[in-house]
Each structure stands twice: as structure tokens, then as C-alpha cells.
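All remarks here apply to the structure that follows.
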Amino acid sequence: MAPGAQFAAKRLGKELTKISKGLPAGIVLVQGDNFEEWLLDIQVLDSNPLYMGQTYRLKFKFGSSYPIEPPEVVFVKLPDRPIPIHPHIYSNGIICLDLLGQQGWSPVQNVESVCMSLQSMLTGNTKNERPPGDEEFVRGNRLRPKDIDFYYHDNNV
Amino acid sequence: MPPPNTPEEGVPAAVSSPPARARRSARNASISSVAATIGSETQGICVGSVGDLSSRTRPCVLPINYQELRYESEVDKSLECPICRTPFSVPITTKPCGHTFCSVCLLRAHQMRPVCPIDRRPLDIDRDFCKARVIHDQLDRLRVKCPSQGCDYVCPRELLAVHYERYCEGTPVPCPDNSCDLWIARHDATPDKGCLHKYTPCQYCSKQVMKAALEEHYDRECSGNTVKCAECDVDVVQHRMESHVVNDCPSTVVSCKWSSYGCGKKAPRRDIWAHEKKPCVYQAIGRLVKDREEDRLIISELRARLSTVEGRLRMSEKEKTERKERKRRQASSNVDNTENTIPAFVPDLNLSNSPRAAASYNNGTWDSPEDYMLAQFERMETQMEDLRKNIHELDGLHSMRLLNDTMRLNEQIAELGSKVGVIGMHTTWLMNVQRQSRGQQRAVGGVGSPLGAFASSSGGSGATSGATAGGVSDTLRNAPDNEGGRYYSSNMPPRRNSDGRGENPPRL
Ligand SMILES: [Zn+2]
Ligand SMILES: [Zn+2]
Ligand SMILES: [Zn+2]
Ligand SMILES: [Zn+2]
Ligand SMILES: [Zn+2]
Ligand SMILES: [Zn+2]
Ligand SMILES: [Zn+2]
């Protein structure tokens, strides 16, 4: 194992121990049995009509440089797990969030803090719409989320 | 032996560094210093064969990975690095925002983005970091488990490196075979055993097993050739039979574990277990003796500590009296000039720059910076107290002086006042005399000669003026006065008359 990967595994192990002691309301670890990919469910807790009563599935992919580099985080579509509607979430689940980009990420963030950020990003939204150019993007994109050069048009969401 | 957390102070820089680190350090001198710090903590210290060729390319023991250590009890969250979430390895603090990270973690993050990972403040690797001393000392005191396999040694973190590098038998060291670059526990690293990393078929199950892992294989996986213990009917690997009989078999006859304290019971192990559980009457004694032994250890340790503390106390006591002495001397020599005494104390107030203060802390005379600061505070307090006393003394001296001086002045003023009064009386007397002599002249019928007027005003005496100016008439009228006149002419000092012609001047 590369020394970096060991570092990532160690850190994720620490996070798992902490998660096993409890996660904030509305966040559930669905699968975390390896140090490459985790699945989590999140819910919006307040009565925002756009997301009320829904559960969304998140997929975290960790590189060997985690947490120095950000994890790759996307929403996953399943029969009972839709992609939340949001002006910064494409219909294929790709999230346009400063926090998850190379520039906005900080190694002190962790899975839990990312989930909480996404929760609050949904909670604060009132627009029932997808990002501009969503259809085109979803059709054309073959890049991995972290390689996409997002333009973070709005940092307060 | 310096504490492991401060390797940069006593231990030469890391023996070797990975290429990536070397590349960076070549580019940036200050990163290299941080890297050396990390290096010397993780590389370990070369204890054994220093001149050996292998030691130049490889450290003598597998470096301790401080981020993988297991601690005896849960570590306070404030000592956890926010990046790796383990207790800091070599903590460094950002100067502008005061956030602390392991140096390794921060260096990695900084290579990605030169900002503080917490608040994204831009950070310059040359200027914006400093060692986190206080945290370092707290980390040093955490009790940590030895990372070597099969070793259950627990000690404060600062002492771990000594145990791990010098004494621990389980520490991974380079394989004695020069062609092999793997690590092997120290107790297995003997030239006669050779390289234990070669695979060998298990003598019982014929599975290929690394020699070093044979024991573990027998214990955990080997199912090849187990035999039933004749005594206890348990399946045991053949290889283990001997140790089973000695250490585990319930049928082996053993003596009670308190035998050294007097219990003479010998029985098969299973009976002994019951006997010990009952419990054995000698257990209490045994425990007591054991406790006493422990107590004795603790006492001797405490005694040693006490003596060092006493020594320290004596030293500071001596220092204090010396300082007092110096101050007293200064105070007495500078009584007239208080301003001179004050600057002499100023260097002591300057804690951080005082070389003596820094030295005493670095020498490890103090257990922690807090202790050190407390001691400094106490020292300052006593100094302040001394200063206050001195000021009081000076104050007293000054007021005494003032009182003395003013008293003298008062006396002088009073004296002068009385003199002025006397002079005033003289003047009145003289005026009277003059008036009387004028009256006489008028009565004689002559006009006052200018000489007579002069003589009277020149402060001589009424008698002179009478004798010189109104010479004849005076002589005729008053014989004794004539006599006086003669006296005056011979330049004798004026005599006081008591003839009742004028008021006698008051005696001074
Ligand atoms: Zn900061
Ligand atoms: Zn760290
Ligand atoms: Zn050990
Ligand atoms: Zn070997
Ligand atoms: Zn076997
Ligand atoms: Zn047996
Ligand atoms: Zn007994």
C-alpha cells in the first residue's frame, strides 16, 4: 500500500470510529466497509416543500490523498432515492459545490461535515430548478466530477 | 537523551529521506528544516552499528509512526490534529491564526494549497509557522503503547523512543541478511537465524510460510498435525505440545502462584486455579508484599524527585538572597538617586529574552511551561515584594532626610528671626541715642556739627560723638565720660556705658 493510501485509510478509520458513536440527525451511513467508497443517506430536516419526506443517497469516493484532496461526492439515483432538485445539482447527481472543489476543499473537512454542508445547501434552497445547461451537460459530460472546472457562481448556497 | 519530540535539539538530522522529501528540501530550505523535524521523529535514531554501510541507507530500527500509536486512554480532542484526527505527531502552529497541525499533515496540505486548512488564510512556509511547545509537552505526557508486535510496554510518549529504539525486543530492525530489505523483530534478528523472510514449508501442514511468521502460523492457522494432549484431551499443534504442558495444560502439576510467599501447595493446574481463586491464604501476604514493593519503587522515585526539587529550591533560594543582597547594595549606594536603582531590575522583568530563564527551561529543570511560568510568577512576586520593601525604606530615608533638613532650616530661620528682632532693638536704641544727643546739642546752643552727625550715624557710640563733637562742654560737665573719650581716641572698641544717659543696648 502506498504511504498516502495508508494515511487516507487511517484517517477514514478514525472517521468510522467517530461515526459509529453517532451521526447528526438526518445522516445515515449505509455502507462504509472499505476505504475507497462509502454510501450515505441524507434527509432535509425542516419543512422545505422541495425536499420534505425524501431521502437522498450520496456516494463518496476517496482517493489515496484524502483528506489532503477532496473526496468525490455525487448523488446516486435509485428507485427510492431521487436526485434532489437544486440549481447547483445536475440531474446526473453531480454537485457543483465550492467545498468539494480543489480550491474550496480543506483537509479539516470530513464526511460528516460534507454531509452537513449538503443538508444545509438543500435546506436553504427555494428554487425548483436545475443548473443552467443541465440537459446538455448531462448528455455531454464524460469527465469525473473532480475534473470538471465548475464556475462557482454563487458561494452562499 | 533528548525527549523524542524535540529531536532537532540533540539528535542529528534524519539518516535518509525519501526522494520526494529530498526534492522539496532542496528547493526550499525552510521546508527542509520542518521535514528534518518530521524525519528525525519518524526515522528513529541510529543506535547500533553507526559505521555500518546499511545504516547509511536505512535507519537502524523501523521508524515509529506517531500517527498510528495507540494510547492507553482516550486522548483529549484538543490534542488531535484536525487533518489526520490523531494526536499530533510534531505539532506546529500557524502564526497569524494560531491553528495547530502535525507538521507532516500541514506540509502535505500546504503543498496542495498554501493556506491555513481551517480558515484559508494564506500562509508562507518560511515565516508563518512556529513550534507548538505547550502542546508538545502535553503530548509528551500521554501514555502510549509500544507499537512493537507482542510488546505490552506502556509509557509516557516522550520515553517511547528510548524503549522502542534501545530496549524493546520486538522492534523491527533490518533483516540481518544484507540482500533482504525487510524488517524483522529484534529478537529474531540474529545472524545465525539468517533471513527469516524466506518461505519454508510448514513441517505439519506443508503450507509455504514465511519463517518469521511460523510461530503465528502454528498458533492461528496450522491445522496439519495436531495431537491430543494425553493429559487433558485438548487438540494441540505438535510443535506447541511442550509449551502447552508447561504453560497451559490443566493436568500439569504446578505450585501455587503465591508459593514464593509461603504457600506450599502443589497440585495439577486445574486444582491450583481453584485454590488460587478460593483464595489462597498467602494471597493477602503476597499482594501486600507486592504492593509494598511497588510502594517502595514509587517512594524512591518520589524521593529522587523531591531531592531534585529541593536542589532547585535551594538554587532559587540562593539566587533570591543574592539578588536581595545586590538590591540592598544598590539601594544603599543609590539612595540619593532612585532613578538609578530602577533600571537595574528591568532585565529580570524581561522573561522571554532572559538567557538564564530560557536556559533553565530548556535544560528541563521544569516539568512543563506552566510550571515554569508559575515559578516565574512566584519569582516576580517576591521581586515585587522586595521592591516594595526597598521603596518603603527609601521613602523612610527620604522623609527622615527631609525632616532633618527642614528642622535645621527651621532652627536657622528661628535664629535669623531672633537676630532680626535684636537688630531691630539695636536700631531703636541707636535712634533713641541719636535723638537724645541731638536734643543735648540743641540744649547746649551750638548747632550739630557735621562730624558729630557723621560719628553718630557711623554706628560708633553715643559717647564718641559726645566726646569728639561737643568735646569741651562734655569734658567739663562729666568727668568719667571724659575718661571714656580718651579711651575711644586710642581706637579701643566702644564700651557700653551704664551711666543712665541712654538705654543700654540689649545683650546679644
Ligand atoms: Zn488558521
Ligand atoms: Zn495530523
Ligand atoms: Zn516494546
Ligand atoms: Zn530478510
Ligand atoms: Zn502448518
Ligand atoms: Zn494438556
Ligand atoms: Zn496457595
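The values are calculated or read from the model by the stated rules, or taken from the named source; none is laboratory data. Everything numeric in this text was worked out from a predicted model, so none of it was measured. Glycine also receives a Cβ, built like all others from the backbone with ideal geometry; neighbour counts cover every protein chain displayed. Please note that ligands, DNA and RNA were not included when accessible areas were found on the heavy atoms of the full protein model with its side chains. Shrake-Rupley method; radii C 1.70, N 1.55, O 1.52, S 1.80 Å.
At a Förster distance of 25 Å, what's the computed FRET efficiency of A:GLN31 paired with B:LEU182, Cβ-Cβ distance as r, to 0.05? The partial results should precede the final answer.
Working: r = 35 Å, r/R0 = 1.40.
The calculated FRET efficiency here is 0.10.
Just by accessible area at a 1.4 angstrom probe, what is the order of B:TYR218, B:TYR199 from largest to smallest? Write down the numbers at each step before the final one.
Details: B:TYR218 10, B:TYR199 135 Å².
The ranking, largest first, comes out as B:TYR199, B:TYR218.
Give me a single rounded figure for A:68-78: the average over its residues of other chain Cβ atoms within 10 Å of their Cβ.
On the way: counts 11, 3, 1, 0, 0, 0, 0, 0, 0, 0, 0.
Per residue, the average neighbour count from other chains is 1.
Please give the total accessible area that chains A and B bury against each other, computed with a 1.4 Å probe and expressed in Å² to the nearest 100. It would help to have the intermediate numbers written out before the result.
Details: alone 8670 and 32950 Å², together 39970 Å².
About 1600 Å² of accessible surface is lost on pairing.
Run down the lysines and flag those whose C-alpha is under 29 Å from the C-alpha of B:LYS324, throwing out any fewer than 8 positions away in its chain.
B:LYS389
Would you list which lysines come within 17 Å of B:LYS211, measuring only between C-alpha atoms, while excluding same-chain residues fewer than 8 positions from it?
Straight-line reach from B:LYS211, under 17 Å: B:LYS193, B:LYS198.
In square nanometres and to one decimal, what's the mean projected area of the convex hull around the Cα atoms of segment B:76-190? Before the final figure, lay out the partial values.
Numbers: hull surface 37.0 nm².
That works out to 9.2 nm².
I need the phi-derived Karplus couplings for segment B:228-236: 6.51 cos²θ - 1.76 cosθ + 1.60, θ = phi - 60°, integer Hz, Gly and Pro marked x.
7, 5, 4, 7, 10, 6, 10, 6, 9
If Rh is defined by the Kirkwood formula over all Cα pairs and Rg also comes from Cα, what ratio Rg/Rh do you get for chain A?
Details: Rg = 15.3 Å, Rh = 16.1 Å.
On the Cα set of chain A, Rg over Rh gives 0.95.
Give me the percent of accessible area attributable to carbon and sulfur for segment A:3-152, probe 1.4 angstrom.
Details: 3640 of 7180 Å².
With neighbouring chains kept in place, the figure for segment A:3-152 is 51 percent.
Taking trypsin sites (Lys or Arg not before Pro) as candidate sites, keep only those in a DSSP loop with at most 11 other Cβ atoms within 10 Å, then name the longest stretch of chain A containing none of them. Provide the component values of the computation, followed by the final result.
Working: sites that count: A:LYS21, A:LYS127, A:ARG142.
Longest run free of exposed loop sites: A:22-126.
Out of every Cα-Cα pair in segment B:198-257, what percent are more than 18 Å apart?
On the way: 703 of 1770 pairs.
The calculated P(r) of segment B:198-257 puts 40 percent of pairs beyond 18 Å.
Could you run the Karplus curve 6.51 cos²θ - 1.76 cosθ + 1.60 with θ = phi - 60° over segment B:388-395 and give me ³J(HN,Hα) per residue in whole Hz, x for Gly and Pro?
With coefficients 6.51, -1.76 and 1.60, one gets 4, 4, 4, 4, 4, 4, 4, 4 Hz.
Using the Kirkwood formula on the Cα atoms of segment B:268-308, what hydrodynamic radius do you get, in angstrom to one decimal?
On the way: mean 1/r = 0.0821 Å⁻¹.
Evaluated on segment B:268-308, it is 12.2 Å.
Do any residues of segment A:6-23 lose at least 30 Å² of accessible area when the full set of protein chains is present rather than just their chain alone, and if so which, with a 1.4 Å probe?
A:GLN6, A:PHE7, A:LYS10, A:ARG11, A:LYS14
Could you tell me which residue out of A:SER65, A:LEU100, A:PRO79 lies farthest along the dipole of segment A:3-152 toward its positive end? Charges go on the beta carbon: Lys and Arg +1, Asp and Glu -1, centred on the Cα centre.
Looking along the dipole axis, the top candidate is A:SER65.
Go through A:LYS14/B:LYS77; A:LYS21/B:LYS131; A:LYS77/A:LYS127; A:LYS18/A:LYS61 and tell me which ones have a Cα-Cα distance over 23 Å in this structure. Kindly include the intermediate steps, with their values, before the conclusion.
Details: A:LYS14/B:LYS77 13 Å; A:LYS21/B:LYS131 33 Å; A:LYS77/A:LYS127 20 Å; A:LYS18/A:LYS61 19 Å.
Checking Cα-Cα distances, A:LYS21/B:LYS131 exceed 23 Å.
Which order do B:SER368, A:SER64 take when ranked by solvent-accessible area (1.4 Å probe, heavy atoms of all protein chains), largest first?
Correct descending sequence by accessible area is A:SER64, B:SER368.
Tell me, what ³J(HN,Hα) does each residue in segment B:266-276 have, in order and in whole Hz, if you take phi through Karplus 6.51 cos²θ - 1.76 cosθ + 1.60 with θ = phi - 60° and put x for Gly and Pro?
10, 6, x, 3, 5, 6, 4, 3, 4, 4, 5
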